[in-house]
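Have a look at the structure below, then the notes.
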Protein chains: 2
Amino acid sequence: MLKGNAVIGQSGGPTAAINATLSGVVLGCKEAGIEKIYGALNGIEGLLEERMCDLRALLKDSKDHKVLEQTPAAALGSCRKKMPVPDKDPETYSKLLEIFKKYNIRYFFYIGGNDSMDTVLKLSTYMNGAGYEMRVMGVPKTIDCDLAETDHTPGYGSAAKYIATTVQEIMRDTAVYTVKAVTIVEIMGRDAGWLTAAASLPALHGNAAPDLVYLPEVYFNFENFYEDLAKAFEKHPNVVVAVSEGVRTEDGRYVGEGTQSGVADVFGHKYLSGTGKALELAVKEKFGCKVRSIELNLPQRCAGHLQSRTDIEESVEIGKAAALHAAAGETGKMACFVRESNSPYKCTIKTADIAKIANEVRSVPRSYINERGNNVTKECLEYISPLIQGELTNVFENGLPKHFVIER
Amino acid sequence: MLKGNAVIGQSGGPTAAINATLSGVVLGCKEAGIEKIYGALNGIEGLLEERMCDLRALLKDSKDHKVLEQTPAAALGSCRKKMPVPDKDPETYSKLLEIFKKYNIRYFFYIGGNDSMDTVLKLSTYMNGAGYEMRVMGVPKTIDCDLAETDHTPGYGSAAKYIATTVQEIMRDTAVYTVKAVTIVEIMGRDAGWLTAAASLPALHGNAAPDLVYLPEVYFNFENFYEDLAKAFEKHPNVVVAVSEGVRTEDGRYVGEGTQSGVADVFGHKYLSGTGKALELAVKEKFGCKVRSIELNLPQRCAGHLQSRTDIEESVEIGKAAALHAAAGETGKMACFVRESNSPYKCTIKTADIAKIANEVRSVPRSYINERGNNVTKECLEYISPLIQGELTNVFENGLPKHFVIER
C-alpha cells in the first residue's frame with residue numbers, strides 16, 4: 001500500500017448524508033491504516049490555503065461518528081470553486097502539489113456532485129502527469145441523484161424521504177377546507193426530476209399523492225397544465241401540484257425565468273427560483289381560485305432530522321469503500337452503487353472511471369414518466385422506494401437534534 | 001350527568017397536534033360514559049349540513065388513537081366559517097338547535113383558535129337563551145400560542161420544535177460557504193411572535209442561532225435592520241435572520257404588504273406572505289450580496305413527523321380534561337394550561353370563561369424581547385423550551401409516516 005496521509009474534502013451543495021459519507025471515508029482510512037487523516041476546510045478552496053483539520057482527533061469514538069452522520073450539510077464546509085484547466089492556470093496545480101508534498105498527502109478524497117468530479121478528474125490527470133504518485137478518488141454526493149455510472153447517489157434517499165413526507169403532510173393540510181384551491185409545491189432539480197418524482201411516493205401504496213407532477217425532462221406546456229387542473233378539479237376541490245424548479249417550455253425558457261434576474265453561478269448554471277410563484281400567478285389568472293405556492297427550498301437538502309436509514313447506512317458504506325479501493329491502488333475513479341435487485345433491495349459498490357462521470361447528467365428516463373407528461377410511473381416509484389426505507393433514532397439534546405460542528 | 005350524545009368539531013388552521021386533542025376528547029367522552037361520539041366534518045359548516053362521522057366506530061383501539069395522534073391537520077376537516085350574531089341570522093342557530101335535538105346532542109366540543117372560541121361563545125349563549133340544556137366547550141388549538149387565559153396552546157410546542165430544528169439545519173446549510181450571504185427565514189405569526197421566537201431556541205444552550213429575530217410586537221425599522229446586518233457581518237459572512245410574516249413598520253403597514261394583493265379572509269385578517277421576499281429585495285439593493293429568503297410556509301404547522309412529545313401528550317390530556325369538565329357540568333368555557341413551574345416543568349389544566357378568550361390575542365410581552373428589538377431574551381426561551389422537549393416514535397409504513405384518514 002502506498003504510504004502517506006489522506007485529505008478529505010466536501011464540495012458542492014449540502015445534503016443530509018454528506019457527513020455520513022465523510023464518516024465512512026474516515027472509517028475506511030482508519031481501517032486501511034492511513035496515519036494522518038486531514039479534513040480540507042471549504043474543499044479545494046481551503047486546501048489551497050492550507051486550512052485543514054485533524055479528523056482522527058475530532059472523531060474519537062463511535063458516538064462522534066454517529067453525531068457527525070446525523071448532522072446535515074458539509075461539516076468541513078464546502079466550496080463551488082471551478083478548477084481551471086491545468087494549462088491555463090498551472091500555478092493552482094503546482095500549489096496543490098506543493099501542499100501534498102509538504103503534508104505527505106497521497107490520498108485525496110472529494111465528496112461531491114458532478115462539478116466536484118470534474119475537480120477529481122483534473123487533479124488526478126495533473127498529478128499523474130507530474131509524476132506524483134497518489135490516489136485521487138471521488139465519492140458521490142448529491143440530492144439530485146443525477147450522477148452517471150451510479151444507480152443512485154448518497155443524499156438522495158433522505159431528500160426523497162423528506163419530500164414525500166412533507167408533501168404528504170401538505171396534502172393533509174390543504175385537504176381540510178372545502179373551497180376550491182390549488183397548492184403548488186416547488187421542488188429542487190435543475191436538470192433532473194428525481195427529487196420531484198419522489199413527491200409521488202405515497203401513491204405507490206395507495207395513499208393520496210399530488211394530482212400532477214411535472215419534471216424537467218418533459219417540456220412544460222401551459223395549455224396542457226390548465227387542462228390537467230380542470231380534470232383534477234372534477235375529482236376534488238383541493239388540487240396539489242408538484243413541480244421541479246427546472247421545468248422549461250418548448251422554447252427552452254425556464255418557467256420561473258420571468259420572475260428572477262437570471263444570474264448564473266461560476267459553473268454557468270442559472271439560479272432558479274420562482275417556478276412555483278410563476279405557476280401560482282398563472283393559475284390565479286386562469287382559474288381565479290385560491291392558489292398557494294410552497295418552495296421546499298433549503299430544508300429539502302438539509303433535513304438531518306428525517307434521514308432515510310438506507311441512505312445513511314449506504315452513505316457510510318460508500319465512503320468506506322472509496323477509501324479501501326484507494327488503499328488497494330485505484331485512482332481517478334468514483335465509487336458507485338450497483339443495484340442487484342429491487343425486491344428484496346440489494347446494492348453493491350463498484351468503482352468507475354471518473355472521466356465517464358464528470359460533468360455528465362443522469363436524467364429520469366422518459367419511460368419513467370407517463371405519456372401525458374404529468375406524473376411518474378409505478379416503475380419509477382419502485383426504483384425510488386427502497387432508498388427511503390427505514391428511520392434512524394437520532395440523538396436529541398434539549399429537544400433539538402444534536403449536530404457535529406467543526407470550527408472553521 | 002346530563003344524558004345525551006357528543007359532537008366534536010375542528011376549526012381554523014391545521015396544526016400537528018389538533019388530532020391529538022381530538023383523540024383526547026374522544027377518550028374523555030368514553031371515560032365519561034357518553035354513548036354516541038360524533039365527529040362534525042368540516043366543523044360547524046359541515047354540522048349545519050349534518051355531515052358527521054361516528055368516532056367511536058372509527059377509533060377502535062389504542063393503535064387507532066396513536067395513528068390519529070401522529071396525523072397532522074384536522075382529520076375531521078376544518079372550516080373558517082364566521083358565525084353570525086344570533087340576532088342577525090337566527091336561522092343558522094335554530095338549524096343547529098334542530099340538529100342537536102335530532103341527534104340528542106348535549107355536548108359540543110370545538111377545537112380551535114380564537115376565531116373558533118368566538119363560535120363557542122355565541123353558541124353557548126344562544127343555547128342557554130333557547131333553554132336547551134347542553135355543554136359547550138372550547139378546546140384550544142393554534143400554532144400561534146396567542147390564546148388568552150392559557151399558558152400556551154396545543155400545537156405550539158410541535159411547531160416550535162419544527163421551526164427551531166429547521167432553522168438550525170438551515171444554519172448548518174448556509175454556513176458551508178465563505179461568501180457573504182444573508183438568509184431570511186419567514187415564519188408564521190400574524191400578530192404574535194411566539195413562533196418566530198422559537199427560531200432562537202438553539203441559543204439557549206449555546207448553539208448557533210439566527211443573528212437577528214424580528215417579532216410583530218415591535219415596529220420594524222429598515223434603517224435599524226441595515227445597521228443590525230452590518231454589525232452581524234463583522235462576526236461572520238453568513239447572516240441568518242428570522243422574521244415574522246406579521247412585522248409592521250411604524251406607520252402600521254405590513255412589511256410584506258407591498259408584494260401582495262392584500263386580500264382579507266372572512267375574519268378580516270389580511271393574508272400575509274412575501275415579508276421575507278420584501279426583505280430579500282431590500283437587502284440585495286442595500287448590500288449587493290447573495291440573499292435568499294425561505295418561507296417555512298405550511299410545513300411549519302403540519303410537520304407531524306417531528307412532534308414534540310410534551311406537546312402531544314398535553315394535547316391529548318387537555319382534550320380529555322375538556323370532556324370530563326363538560327361531563328361534570330361546565331359549559332361556555334375553554335380548557336386552559338396553567339404552568340406551575342418551569343424547572344422541573346409542570347403544568348395543570350383549569351377551565352376559563354370563554355368570553356375572556358374569544359377574539360383576544362396574547363402577544364409576546366415586551367420584556368421577552370431585547371431592548372434593540374432584534375432578538376428575544378433568555379427568559380423568553382426558558383418559557384418556550386419545556387414545550388419542545390421529547391420525541392415520539394411515530395409509526396412509519398413503507399418509509400413514510402402513517403396517517404389516519406377520515407373520508408369526507
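In the condition set (1) in contact with a strand residue (DSSP E or B) (Cβ under 7 Å, 6 or more places away or on another chain); (2) within 14 Å of chain A (Cβ to nearest Cβ); (3) aromatic (F, W, Y), B:F220 is compliant with all but (2). The test for being in a loop (DSSP other than H, G, I, E, B) and within 14 Å of chain A (Cβ to nearest Cβ) does not hold for B:R362.
If you filter the stretch A:396-408 down to residues that are touching a helix residue (DSSP H, G or I) at 6+ places or on another chain (Cβ under 6 Å) and more than 7 Å from chain B (Cβ to nearest Cβ), you find that the one that is nearest to A:G9 (Cα to Cα) is A:F404. Take A:T196 and tell me if it is closer than 21 Å to A:Q300 by Cα, among the hydroxyl-bearing types (S, T, Y), assigned to a helix (DSSP H, G or I) and in contact with a strand residue (DSSP E or B) (Cβ under 6 Å, 6 or more places away or on another chain). Yes: the conditions hold for A:T196. Working only within the stretch A:230-241, note down all residues that are surrounded by 19 or more Cβ atoms within 10 Å (Cβ to Cβ), more than 14 Å from chain B (Cβ to nearest Cβ) and not β-branched (V, I, T). Of everything in the stretch A:230-241, just one residue is surrounded by 19 or more Cβ atoms within 10 Å (Cβ to Cβ), more than 14 Å from chain B (Cβ to nearest Cβ) and not β-branched (V, I, T), namely A:A232.
Quick grid of which residues meet (1) surrounded by fewer than 21 Cβ atoms within 10 Å (Cβ to Cβ); (2) at pLDDT 95 or above; (3) under 21 Å from A:A322 (Cα atoms); (4) touching a strand residue (DSSP E or B) at 6+ places or on another chain (Cβ under 7 Å):
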site	(1), (2), (3), (4)
A:V85	yes, no, no, no
A:D89	yes, no, no, no
A:T92	yes, yes, no, no
A:F100	no, yes, yes, no
A:I111	no, yes, yes, yes
A:D115	no, no, yes, no
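Answer yes or no: is there a residue in the stretch A:159-169 that is free of Cβ contacts under 8 Å to residues at least 24 places away in the same chain and within 20 Å of A:A327 (Cα to Cα). The answer is no, given that none of the residues of the stretch A:159-169 is free of Cβ contacts under 8 Å to residues at least 24 places away in the same chain and within 20 Å of A:A327 (Cα to Cα).
Take the conditions in contact (Cβ under 8 Å) with a residue 12 or more places away in the chain and either touching a strand residue (DSSP E or B) at 6+ places or on another chain (Cβ under 8 Å) or assigned by TED's automatic domain parsing to the domain that holds A:D115 (or both) and apply them to A:I318. Does it pass?
Spelling it out, A:I318 is indeed in contact (Cβ under 8 Å) with a residue 12 or more places away in the chain and either touching a strand residue (DSSP E or B) at 6+ places or on another chain (Cβ under 8 Å) or assigned by TED's automatic domain parsing to the domain that holds A:D115 (or both).
With respect to the conditions (1) more than 14 Å from chain B (Cβ to nearest Cβ); (2) assigned to a helix (DSSP H, G or I); (3) out of contact with any strand residue (DSSP E or B) (no Cβ under 9 Å at 6 or more places or on another chain); (4) within 29 Å of A:V167 (Cα to Cα), A:R301 lacks only one, and its number is (1). Residues of the stretch A:185-202 that are within 11 Å of chain B (Cβ to nearest Cβ) and in contact (Cβ under 8 Å) with a residue 60 or more places away in the chain: A:V185, A:E186, A:A198, A:L201.
Does the stretch B:376-392 contain at least one residue that is free of Cβ contacts under 8 Å to residues at least 60 places away in the same chain, over 18 Å from B:L68 (Cα atoms), within 14 Å of chain A (Cβ to nearest Cβ) and not polar (S, T, N, Q)? Working first, answer last.
Residues of the stretch B:376-392 free of Cβ contacts under 8 Å to residues at least 60 places away in the same chain: B:377, B:379, B:383.
Retained after the next criterion (residues that are over 18 Å from B:L68 (Cα atoms)): B:377, B:379, B:383.
Subset that is within 14 Å of chain A (Cβ to nearest Cβ): B:383.
In the following step, the residues that additionally are not polar (S, T, N, Q) were identified as B:383.
The answer is yes, given that some residue of the stretch B:376-392 is free of Cβ contacts under 8 Å to residues at least 60 places away in the same chain, over 18 Å from B:L68 (Cα atoms), within 14 Å of chain A (Cβ to nearest Cβ) and not polar (S, T, N, Q).
With the requirement that a residue be out of contact with any Ser or Thr (no Cβ under 7 Å at 6 or more places or on another chain) and either within 30 Å of A:A328 (Cα to Cα) or in a helix (DSSP H, G or I) (or both), what does the stretch A:161-178 give you? Steps first, answer last, please.
Of the stretch A:161-178, the ones out of contact with any Ser or Thr (no Cβ under 7 Å at 6 or more places or on another chain) are A:162-169, A:171, A:173, A:175, A:178.
Answer for the stretch A:161-178, where residues must be out of contact with any Ser or Thr (no Cβ under 7 Å at 6 or more places or on another chain) and either within 30 Å of A:A328 (Cα to Cα) or in a helix (DSSP H, G or I) (or both): A:Y162, A:I163, A:A164, A:T165, A:T166, A:V167, A:Q168, A:E169, A:M171, A:D173.
Of the residues that make up the stretch A:81-93, is at least one assigned by TED's automatic domain parsing to the domain that holds A:H325 and in contact (Cβ under 8 Å) with a residue 60 or more places away in the chain? Within the stretch A:81-93 (the criterion being assigned by TED's automatic domain parsing to the domain that holds A:H325 and in contact (Cβ under 8 Å) with a residue 60 or more places away in the chain), the answer is yes, since at least one residue qualifies.
Take A:L212 and decide whether it is touching a strand residue (DSSP E or B) at 6+ places or on another chain (Cβ under 7 Å) and in the same structural domain as A:G288 (by TED's automatic domain parsing). So A:L212 fits the description; yes.
Filter the stretch A:325-350 down to the residues that are in contact (Cβ under 8 Å) with a residue 60 or more places away in the chain, surrounded by 15 or more Cβ atoms within 10 Å (Cβ to Cβ) and in contact with a Cys (Cβ under 9 Å, 6 or more places away or on another chain) and list them by number. Within the stretch A:325-350, A:A326, A:A327, A:F337, A:R339 qualify. Among the residues in the stretch A:248-256, are any in contact with a Phe, Trp or Tyr (Cβ under 9 Å, 6 or more places away or on another chain), at pLDDT 95 or above, more than 21 Å from B:I184 (Cα to Cα) and in a helix (DSSP H, G or I)? Among the residues of the stretch A:248-256, not one is in contact with a Phe, Trp or Tyr (Cβ under 9 Å, 6 or more places away or on another chain), at pLDDT 95 or above, more than 21 Å from B:I184 (Cα to Cα) and in a helix (DSSP H, G or I), which makes the answer no. Applying the criterion of at least 1 residues that are within 14 Å of chain A (Cβ to nearest Cβ) to the helices (runs of 4 or more DSSP H) found wholly in the stretch B:1-89 leaves B:18-32, B:43-47, B:62-69.
Flag: B:G39 matches the condition of being assigned by TED's automatic domain parsing to the domain that holds B:N114, surrounded by 24 or more Cβ atoms within 10 Å (Cβ to Cβ) and farther than 27 Å from B:G189 by Cα. Within the stretch B:178-201, the set of residues being at pLDDT 95 or above, surrounded by fewer than 23 Cβ atoms within 10 Å (Cβ to Cβ) and closer than 22 Å to A:A16 by Cβ comprises just one member, B:A181.
Residue count for the stretch A:186-204, restricted to those that are in contact with a Gly (Cβ under 7 Å, 6 or more places away or on another chain) and either closer than 17 Å to A:I294 by Cβ or among the polar types (S, T, N, Q) (or both): 4. Please list, ordered by first then second residue, the pairs with beta carbon atoms under 7 Å, 6 or more apart or interchain, first in the stretch B:355-372 and at positive phi, second in a loop (DSSP other than H, G, I, E, B) and not hydrophobic (A, V, I, L, M, F, W, C). Listed pairs, sorted by first residue: none to list.
The values are calculated or read from the model by the stated rules, or taken from the named source; none is laboratory data. These numbers come from a predicted model, not from an experiment. Methodologically, a virtual Cβ is constructed for each residue, glycine included, from the backbone with ideal geometry; neighbour enumeration extends over all protein chains shown.
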